[in-house]
1. For ASP166, only one of the following conditions fails: (1) surrounded by fewer than 16 Cβ atoms within 10 Å (Cβ to Cβ); (2) under 19 Å from GLY39 (Cβ atoms); (3) among the acidic types (Asp, Glu); (4) touching a residue at least 24 places away in the same chain (Cβ under 8 Å). What is its number?
2. Among the listed residues GLU137, GLU121, GLU182, GLU131, identify the single one that is of a type outside the set (A, V, I, L, M), in contact (Cβ under 8 Å) with a residue 24 or more places away in the chain and not in a helix (DSSP H, G or I).
3. Residues in region 59-71: is at least one touching a Leu at 6+ places or on another chain (Cβ under 8 Å), of a type outside the set (S, T, N, Q) and modelled with pLDDT of 90 or more?
4. Filter region 59-116 for residues that are of a type in the set (A, V, I, L, M), assigned to a loop (DSSP other than H, G, I, E, B) and more than 25 Å from LEU154 (Cα to Cα) and give the result.
5. Does SER44 meet the test of being open to solvent by less than 40 Å² (accessible area, probe 1.4 Å), more than 16 Å from SER168 (Cα to Cα) and touching a residue at least 24 places away in the same chain (Cβ under 8 Å)?
6. How many residues does region 87-113 hold that are without any contact (Cβ under 8 Å) to a residue 60 or more places away in the chain and loosely packed, with under 15 Cβ neighbours inside 10 Å?
Amino acid sequence: MRPSPSSSLVRRALVPLVAAVALLGTAGSAVAGAVEACGSVITSPLAPPVPSDDPCPSADPVVCRIRVLPMDEKVEAQRTRMRYHGLLEDMHRTEADMRAAGFTDEEIARELVDMRNQAKEITRAGMTPEEVRVLEERNIAKYGNPLGPTADQLYAKYGSWQQVIDASMRTSYAVDRELSLEYRPCPVV
């Protein structure tokens, strides 16, 4: 049976309409996915290295070191930072589990500070000795400890265990930005 001219016309009109709706659905999903992205989110391409004699606009020596890294090392530094963000996600889940089990803020804070220090050790294992040296020198100068502040030092600084918990799960915005990353905690379910 031969299709009628009117059904052919309807088909020619419907095919582009169906395709457009499908594309809109895909675009809508991509937008929703972008809004809901969590963990390590790449915000832009990595900036090319700058000459080592270029003045660094940051007071953070880690940022200054990242700026001059060759691109292959910068890519590896970004991957290392993303692994570190993954460890922060583990900390968020640990906090939720400990709260559900009835632990106190102090107990949670002490556990999370220990986890953060372990995360630093893990991520530093993939770094060059020079990169580790820069990080450790900064922490020794600031906290007297190559891994950073202790739970007690943070409590003395902030005055509450909840603030210690919050601080233990923060990431350096300046370092993340230099590596074209943004850390967005994922919902804990």
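The values are calculated or read from the model by the stated rules, or taken from the named source; none is laboratory data. Remember, predicted model here, so these are calculated numbers, not experimental data. Reconstructed Cβ throughout: ideal geometry from the backbone, glycine too, with neighbour counts over all protein chains shown. All accessible areas refer to the heavy atoms of the entire protein, side chains included, with ligands and DNA or RNA removed. Shrake-Rupley method; radii C 1.70, N 1.55, O 1.52, S 1.80 Å.
1. (4)
2. Values: GLU137 fails: not in a helix (DSSP H, G or I); GLU121 fails: not in a helix (DSSP H, G or I); GLU131 fails: not in a helix (DSSP H, G or I).
Of the residues listed, the single one that is of a type outside the set (A, V, I, L, M), in contact (Cβ under 8 Å) with a residue 24 or more places away in the chain and not in a helix (DSSP H, G or I) is GLU182.
3. First pass over region 59-71, keeping only residues touching a Leu at 6+ places or on another chain (Cβ under 8 Å): 62, 66, 71.
Within this subset, residues satisfying the condition of being of a type outside the set (S, T, N, Q) are 62, 66, 71.
Those still in the list that are modelled with pLDDT of 90 or more too: 66, 71.
Checked region 59-71: at least one residue is touching a Leu at 6+ places or on another chain (Cβ under 8 Å), of a type outside the set (S, T, N, Q) and modelled with pLDDT of 90 or more.
4. Step one: filter region 59-116 for residues of a type in the set (A, V, I, L, M), giving 59, 62-63, 66, 68-69, 71, 75, 77, 82, 87-88, 91, 96, 98, 100-101, 108-109, 112-113, 115.
Filter again for assigned to a loop (DSSP other than H, G, I, E, B), leaving 59, 69, 101.
Result: LEU69, single match.
5. Details: open to solvent by less than 40 Å² (accessible area, probe 1.4 Å): no; more than 16 Å from SER168 (Cα to Cα): yes; touching a residue at least 24 places away in the same chain (Cβ under 8 Å): yes.
In short, no.
6. 8
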